Amino acid sequence: MTDQRIFNFNAGPAALPLQVLEEIQSSFLNFNHSGMSITEISHRSSYFDKIINDAADRAKRLLKLDDRFHVLFMQGGASLQFAMIPMNFLSDSDSADYVNTGTWSTKAIKEAKIQNKFHSVVASSEDKDFSYIPKDIEFSKNARYVHLTSNNTIKGTQFREFPDTNGVPIVCDMSSDIFSRCLDMEKFGLIYAGAQKNLGPSGTCMVIIRQDMLDMANENLPSMLKYSTYSSKNSMYNTPPCFGVYTIDLVLKWIEEEMGGLEKMEEYNIKKADLLYDFIDSSSYYSTTAEQYSRSLMNVTFRLPSGELEQKFVASATEKGLGGLKGHRSVGGCRASIYNAATMEGINALIQFMESFEKENK
Ligand SMILES: *Cc1c(COP(=O)(O)O)cnc(C)c1O
């Protein structure tokens with residue numbers, strides 16, 4: 001128990017920028033002189049209209065999206081997207097390519113399978129426990145889309161560059177690295193991200209979809225499972241996750257105005273990750289689990305000499321105000337999730353702790 005805010009390395013829900021939390025706190029009871037909390041305002045009001053449009057505009061500016069792209073706010077997390085993507089884009093004769101780089105890709109593939117949609121897993125890193133990102137992938141010529149997971153939250157790997165797919169649009173799960181770096185949007189037909197890693201509270205999913213993807217989507221679906229329902233109603237066919245959208249707007253404002261935009265955000269993220277990886281590389285006590293060229297800038301997975309020491313490490317870190325360092329339950333080990341909101345101060349504190357833990361537990 002603590003009265004202080006900790007250095008939060010949780011994988012998700014994860015740390016948010018302190019300024020954002022403070023702004024939420026200070027306007028929570030009376031949003032923008034409305035006399036109401038953001039959680040009490042009608043989504044049909046001009047107050048909320050402004051918020052949702054502002055959030056979409058900021059997303060467009062940050063990613064330099066042109067008018068072909070629509071920014072949508074949905075529910076059901078990234079996991080609903082796994083199901084909606086094949087549902088919307090594959091008819092009985094179409095097929096899609098999937099690259100399997102870990103737990104989340106596997107789940108995305110499972111949803112195509114459940115629906116009996118044609119798909120090929122054109123590359124996988126399962127042979128080495130998903131510790132790397134496959135290279136030189138041969139994509140099908142006639143695929144409707146190529147599905148990738150840009151950052152593998154659990155294994156700590158990341159596409160540092162996106163492959164050439166011969167013009168086939170990439171549909172990408174960016175749940176754990178959206179807005180962490182600049183993107184060449186020409187390659188992408190659809191990007192989606194559950195908010196709780198890098199954007200805001202859980203319960204909201206951001207989807208960025210290109211017009212030609214909307215044009216080819218299957219219309220013969222329940223309203224809530226069609227992208228066109230969201231794009232034609234400014235994400236307000238039904239009541240949207242208002243608080244989530246509001247928080248995302250503030251987080252994007254923070255990236256634009258406090259961090260100085262996506263280029264600066266990326267530089268900062270590289271600096272933070274480099275510092276931590278350099279330290280781990282220089283140590284014979286700690287070791288990373290991901291191959292060097294595939295390492296994630298967002299989730300640093302590492303091991304200690306034994307499982308026992310790892311347990312002690314996590315417990316002792318927690319006592320010192322460094323939280324969330326336990327690896328995913330499926331893989332064990334340790335993981336420091338260092339999303340946009342993680343500070344250099346937190347990285348330095350973590351490294352200092354790791355140094356002293358090593359000395360005391362040789
Ligand atoms: C966390 C995560 C998900 C799952 O998100 P939900 O919002 O819980 O459905 C999917 N993909 C990636 C890459 C993730 O990190």
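Given just the C-alpha atoms of segment 232-281, how large is their convex hull per residue in cubic angstrom? The partial results should precede the final answer.
Values: hull volume 6.3 nm³, N = 50.
Hull volume normalised by residue count: 126 Å³.
In whole Hz, with x marking every Gly and Pro, tabulate ³J(HN,Hα) for segment 285-295 from phi via Karplus 6.51 cos²θ - 1.76 cosθ + 1.60, θ = phi - 60°.
8, 9, 9, 7, 9, 9, 5, 3, 6, 10, 5
Debye calculation, C-alpha points only, no solvent: report log10 I(q)/I(0) for segment 1-150 at q = 0.10, 0.18, 0.20 Å⁻¹, in the same order as the q values.
Result of the Debye calculation: -0.59, -1.17, -1.26.
In the structure shown, do any of Lys272/Lys326; Lys60/Lys264; Lys64/Lys110; Lys113/Lys187 have a Cα-Cα gap over 23 Å, and if so which?
On the way: Lys272/Lys326 19 Å; Lys60/Lys264 17 Å; Lys64/Lys110 33 Å; Lys113/Lys187 25 Å.
As for pairs spanning more than 23 Å Cα to Cα, those are Lys64/Lys110; Lys113/Lys187.
Of Lys141, Lys155, which has the most accessible area with a 1.4 Å probe, and how do the rest follow in descending order? Intermediate values should be presented prior to the final figure.
Values: Lys141 165, Lys155 35 Å².
From most accessible down to least: Lys141, Lys155.
When the dipole is taken about the Cα centre of the chain, and only Lys, Arg (+1) and Asp, Glu (-1) are charged at their Cβ, what size is it in debye, to the nearest 20?
On the way: 37 positive and 45 negative charges, 127 e Å.
Value, rounded to 20: 600 debye.
Solvent-accessible area of Asp281, probe 1.4 Å, all protein chains present, reported in Å² to the nearest ten, please.
Approximately 80 Å² of Asp281 is accessible to the 1.4 Å probe.
Can you give the convex hull volume per residue for the Cα atoms of segment 63-196, as a whole number of Å³? Provide the component values of the computation, followed by the final result.
On the way: hull volume 14.8 nm³, N = 134.
Considering the Cα atoms of segment 63-196, their hull volume per residue is 111 Å³.
Lys50: which aspartates and glutamates have alpha carbons under 20 Å from its alpha carbon, excluding same-chain residues fewer than 8 sequence positions away?
Candidates past the 8-residue exclusion: Glu23, Glu40, Asp67, Asp249, Glu256, Glu257.
Can you give the accessible area of Arg68 in Å² (nearest 10), computed on protein heavy atoms with a 1.4 Å probe?
Per-residue accessible area (Arg68): approximately 90 Å².
Please report the relative contact order for segment 22-258, taking Cα pairs under 8 Å with a sequence separation of at least 6, and give it as a percent rounded to a whole number. Walk me through the numbers before you get to the answer.
Details: 420 pairs, mean separation 59.7, N = 237.
Reported relative contact order: 25 percent.
If you stretched the chain out fully between Gln292 and Asp136, how much longer would it get, using 0.36 nm times the residue separation minus the C-alpha to C-alpha distance? Present the calculation step by step, with values, prior to reporting the outcome.
Values: separation 156, 0.36 × 156 = 56.16 nm, distance 1.70 nm.
Additional length available on full extension: 54.5 nm.
Provide Trp254, Trp104 ordered by accessible surface of protein heavy atoms (probe 1.4 Å), highest first. Mind dumping the intermediate values first?
On the way: Trp254 20, Trp104 70 Å².
The ranking, largest first, comes out as Trp104, Trp254.
Summarise the long-distance tail of P(r) for segment 260-360 by giving the % of C-alpha pairs beyond 24 Å. Mind dumping the intermediate values first?
On the way: 880 of 5050 pairs.
Tail of P(r) above 24 Å: 17 percent of Cα pairs.
Expressed in nm to one decimal, what extension gain is obtained for the pair Asn53 and Lys233 from 0.36 nm per residue of sequence separation less their Cα-Cα distance?
Values: separation 180, 0.36 × 180 = 64.80 nm, distance 1.21 nm.
Full-extension gain reported as 63.6 nm.
Roughly speaking, what is the stretch gain from Thr2 to Asp212, that is 0.36 nm per residue apart minus the C-alpha to C-alpha distance, in nm to one decimal? It would help to have the intermediate numbers written out before the result.
On the way: separation 210, 0.36 × 210 = 75.60 nm, distance 5.10 nm.
Answer, rounded to one decimal: 70.5 nm.
Put a dot 7 Å past each Cα toward the Cβ at Ser91 and Glu360; how far apart are the dots in nm?
6.5 nm
Could you give the size of the charge dipole of segment 260-360 about its Cα centre, using +1 on the Cβ of each K and R and -1 on the Cβ of each D and E, expressed in debye and rounded to the nearest 20?
Working: 11 positive and 14 negative charges, 67 e Å.
Using Cβ point charges on Lys, Arg, Asp and Glu, segment 260-360 gives about 320 debye.
With every protein chain kept in place and ligands, DNA and RNA left out, what is the accessible area per residue of the chain? Probe 1.4 Å, answer in Å². Don't jump to the answer; show the numbers that get you there.
Details: 16360 Å² over 362 residues.
With all protein chains present, the chain gives 45 Å² per residue.
Taking only DSSP H segments of four or more residues, each worth -39500 (n - 2.57), what value at 222 nm results for the chain once the sum is divided by all its residues, to the nearest 500 deg cm²/dmol?
Numbers: 10 runs with 128 residues, N = 362.
The helix contribution divided over the chain gives -11000 deg cm²/dmol.
Given labels modelled 7 Å from the Cα in the Cβ direction, how far is it in nm from Ser26 to Arg329?
4.0 nm
Can you pull the one-decimal nm distance between simple spin-label points at Asp127 and Tyr285, each 7 Å off the Cα toward Cβ?
Distance between the two pseudo-spin positions: 3.7 nm.
Quick one: accessible surface of Asp215, probe radius 1.4 Å, all protein chains present, in square angstrom to the nearest 10.
110 Å²
Rounded to whole Å and ordered largest first, report the semi-axes of the equivalent ellipsoid of segment 162-239 derived from its Cα gyration tensor (root of 5λ). Provide the component values of the computation, followed by the final result.
On the way: eigenvalues 95, 74, 16 Å².
Working through the eigenvalues yields semi-axes of 22, 19, 9 Å.
Take every Cα pair under 8 Å in segment 57-193 that's 6+ residues apart, average their separations, divide by the length, and report that relative contact order as a whole percent. List each step's numbers first, then the result.
Values: 220 pairs, mean separation 31.1, N = 137.
Worked out over segment 57-193, it gives 23 percent.
So for the chain, Kirkwood radius off the Cα pairs, Stokes-Einstein at 25 °C and 0.890 mPa s: how many µm² s⁻¹? Don't jump to the answer; show the numbers that get you there.
Numbers: Rh = 21.3 Å.
My calculation gives 115 µm²/s for D.
Percent of accessible area on the chain owned by carbon and sulfur, 1.4 Å probe?
On the way: 7810 of 16360 Å².
Here it works out to 48 percent.
Can you tell me, using C-alpha contacts under 8 Å and at least 6 residues apart, the relative contact order of segment 260-360 as a whole percent?
Details: 99 pairs, mean separation 27.0, N = 101.
This gives 27 percent for segment 260-360.
The values are calculated or read from the model by the stated rules, or taken from the named source; none is laboratory data. The model shown is predicted, which means the values in this text are computed figures rather than measured ones. For neighbour counting, all protein chains shown are included, and Cβ atoms are generated from backbone atoms with ideal geometry for every residue, glycine included. Accessible surface is based on the protein model in full, side chains and every heavy atom, while ligands, DNA and RNA are left aside. Shrake-Rupley method; radii C 1.70, N 1.55, O 1.52, S 1.80 Å.
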